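Working notes, beginning with the structure itself.
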Amino acid sequence: MTLQEMLDSLDAVVQMVSASMQAQDPAALEQSSTRMRDAMVAFSQLVRRFGPDDWTPELRERAARLGEALNLLRDQTARMNVLAQRRAQALVPMGDDATYERSLGNKPSSGQGRARIYHAAS
C-alpha cells in the first residue's frame, strides 16, 4: 500500500467516525471507535513505514491535517464517553440512598439486609 492509499484509508475512517458521532447511534459509534483506534495506530506508524522520499510537501500537509482530525475525534469521543457515564449515573445512582449499594460494595450491612416489604412477610 502506498502512502497516498494509506492516507486515503485514514481519511475514510475520519469521515466515518465523524458521521457516526453526529448520528448518535451507539452501535455505529462503538464500531467506529474501534476503527479510529486502529487508524491512530496506523497513523503513528506512517513515519516508520515510509521513507523521506515518499513524503512530498502535499502529503506532509495532508498527514498533519489527518493527525489534527484524529486528535479532535479522540477528544470528542472521550467527551461523549464522560457524558454517557454521567447519564448512566443519573439513571442508576450509586450513592448512599441506592437500594442495593451495600451488597454491591461488599460493605458490612448495618440493617436487616432486606427491603421493608420482605420484613412484613416474615
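What do you reckon, is residue 41 modelled with pLDDT under 85 and either more than 30 Å from residue 22 (Cα to Cα) or surrounded by fewer than 11 Cβ atoms within 10 Å (Cβ to Cβ) (or both)? No. Checking every residue in the range 77-93 against the condition of being more than 25 Å from residue 9 (Cα to Cα), assigned to a loop (DSSP other than H, G, I, E, B), modelled with pLDDT under 90 and out of contact with any strand residue (DSSP E or B) (no Cβ under 8 Å at 6 or more places or on another chain) gives at least one match.
The values are calculated or read from the model by the stated rules, or taken from the named source; none is laboratory data. As the structure is a prediction and not an experimental result, all values here were calculated from the model. We place every Cβ from the backbone using ideal geometry, glycine too, and count neighbours over all the protein chains shown.
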